[in-house]
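Below you'll find the structure, written out as structure tokens, and then a few comments.
The values are calculated or read from the model by the stated rules, or taken from the named source; none is laboratory data. All figures in this text were calculated on a predicted structure; none of them were measured in a lab. Cβ: placed from backbone, ideal geometry, glycine included. Neighbour counts: every protein chain shown. These area figures cover heavy atoms from the full protein model, side chains too; ligands, DNA and RNA do not enter into them. Shrake-Rupley method; radii C 1.70, N 1.55, O 1.52, S 1.80 Å.
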Amino acid sequence: MSLEKRDEFDHHAWLKEKDLTAIERVFLTTLVVLDKRLRIVDYLELLEDAYYKINLQMPKSHTEQYDLDNKFWYWYPLYSLGFFSVLAYIVAAVSGALLGFYYAPSTASTAAGTPVAYASIKTIMQDIQFGFALRSIHRWSAQIMMAAVFLHMLRVYFTGSYKEPREVNWLLGIILISLSMVFGYTGYLLPWNQLAFWAGQIGVKMSLSVPIVGEWGAQMLFGGFSLGQPTIIRMYILHVFILPFVVTALIALHVGIVWVQGIAEPH
Amino acid sequence: MSDTDTTDDARTDGGEETADSESTNTRADGGPASETSGTSSELRSDGGETGIVAPDDEVPTWSERKERKAGLSRLTYEYFERSRREDQELRQESDYVERDVLGFPTWPHEIIRNGAISLFFVGMMILIAAALPPSLEMPANPSATPSIILPDWYLYWSFGLLKLNPLNPGLAVLDGGKIISDQLYGVLANIVVVGAVAFLPFLNKGSARRPVEQPFWAAIGVGGAVFSFTIAALAVQNLIPLPLSLQLNIVFIAPVVIGTMTYALLKTLREGYMYGLNRRYYMLRPPK
Ligand code: HEM
């Protein structure tokens, strides 16, 4: 018996018979080579599944099924507000990541007598190519996201979409809008200008006024009872590390639940 | 005894695969577990034999055993079985009309449309950012309190709630002293407002979706939205040329007035609107 491998299915003859174009032959050869090594065939089912999910044929919606929409449901354009919030969030995240390359969270004094954080924002705005644009885009996308989220919440309220199976998403939404506001607040403090400092002052006062846990909260969030280096570092870590992960995960969950439950239809 | 009971009950529902239909039937009647049935005697065999039986087709598999476990897990299993059956029945009796194409495929139709919308929105954001650049105020100076201290606009409502201290009741017993500090009062106001909004789905139930179907709740919503503006105006009270007491009145009265107007308006619209809606609905689905 020969030690040479036998081609039991006579792949060569099969290939010849198929009369493939060059592209097809290259593709098939690559596929065979990869499959011999990585057992792609085992994952084909997964791929197929994904393919059909992507090309999903949507079932008829409630309004379609009962033909209730011959009168236009005039709220529908507002259903895009949730998506618009996600979009603005993504723009803020990208521009924020770029700003993060140049920003320095420090209250130490520069030679000019301004805090380092403030000076780094100034550098971004005055010296760095597109820095001014970047900061402007970051601020505006954050503002627009907040506006979109508020309006999204109003549309969910006035279309009664928070009812029966969707209470969890409403609660999740409350958490998301609160965290978004914390996101905005922590970002507001980062330039360490007058507005930032005094908004921070109010934050400390607020948390100190809470009985029992107030002082602990002030130390945890602001790093003490007066503002300084510990405050700005905490705000920075919250703004660029903790909140991005938490809020992104919660948005994914929120939208995932919408995917599973479907959009609420008017009856 | 109780052990035997549970096993037998469990057998009743897992029924399909039980071998001796006789004993299954007796048990399915709901009578007390019969002492004479084969399974029970097996369980009680503590005397002569080993009690170990070679597995055959009737021996439940590990997953079957797991399904039949007593307690919460069993309840869960039964519930899922039931709801699956319910779904199946609903599907069978549904008058859902099948079509060849039920909607647009995600790719390319939806993706291209959504991509166009996304690009438009992002472009709009960049345009706004280019047209209205942000400013950078003076650097932080702990020794100079600015005359106007404000957070970003989306926190004005919260900031306004912090300024409700004129409403913090003083007690005559305490010589007009207050039980809780003004700041704590403001923090509590925030918690109450957010809590009330969060609690909403548990107060307003039912399947109504359109504001006309529920004028009361629509009025509450409009009142709330108006309140978010009036309370935000309280945050900038030092920029508004009105006496504080007047402004405090506006904060609470405007939402009520506008809410009432909404209620009246929707009540008026309601009849005609609901009439048309019901007519369309019942023309398509005449009552059985
Ligand atoms: C970071 C903020 C948020 C993001 C990114 C977000 C995103 C979304 C998206 C993309 C949808 C799909 C439907 C649509 O676009 O309208 C949705 C639905 C929903 N959202 Fe939000 N949302 C946010 C905040 C909120 C808030 C504040 C609430 C309410 C308190 C809320 C409650 C809901 C509910 C109940 C649904 C289901 C609506 C339906 O099925 O018709 N969300 N969200």
Select from segment B:231-256 the residues that are open to solvent by 20 Å² or more (accessible area, probe 1.4 Å) and of a type outside the set (A, V, I, L, M) and write down the one among them that is nearest to B:Tyr156 (Cα to Cα).
B:Gln237
I'd like to check which helices (runs of 4 or more DSSP H) are fully inside segment A:168-267 and have at least 1 residues that are touching an Asp or Glu at 6+ places or on another chain (Cβ under 6 Å).
A:194-209
Out of segment A:152-180, which residues are crowded, with 18+ Cβ neighbours inside 10 Å and more than 8 Å from the ligand (Cβ to nearest atom)?
A:Phe158, A:Gly160, A:Lys163
Has segment B:88-109 got any residue that is at pLDDT 70 or above and within 9 Å of chain A (Cβ to nearest Cβ)?
yes
Open to solvent by less than 70 Å² (accessible area, probe 1.4 Å) and among the charged types (D, E, K, R) - does that describe any residue in segment A:247-267?
yes
Take the residues of segment B:129-149 that are open to solvent by less than 50 Å² (accessible area, probe 1.4 Å) and facing chain A (nearest Cβ under 7 Å): which is nearest to A:Phe83 (Cα to Cα)?
B:Ala129
Neighbours by Cβ (under 8 Å, 6+ apart or cross-chain): first from segment A:130-144, at negative phi; second charged (D, E, K, R) and in a loop (DSSP other than H, G, I, E, B)
A:Gln143/B:Asp152
Has segment A:74-93 got any residue that is at pLDDT below 95 and part of a loop (DSSP other than H, G, I, E, B)?
yes
Residues of segment A:218-260 being within 16 Å of the ligand (Cβ to nearest atom) and within 13 Å of another protein chain (Cβ to nearest Cβ), in sequence order, are A:Trp259
Kindly check whether there is at least one residue in segment A:187-206 that is open to solvent by less than 40 Å² (accessible area, probe 1.4 Å), more than 7 Å from every other protein chain (Cβ to nearest Cβ) and within 16 Å of the ligand (Cβ to nearest atom).
yes
Failed criterion for A:Ser178 (all others in (1) more than 26 Å from A:Ala88 (Cα to Cα); (2) without any contact (Cβ under 8 Å) to a residue 12 or more places away in the chain hold):
(1)
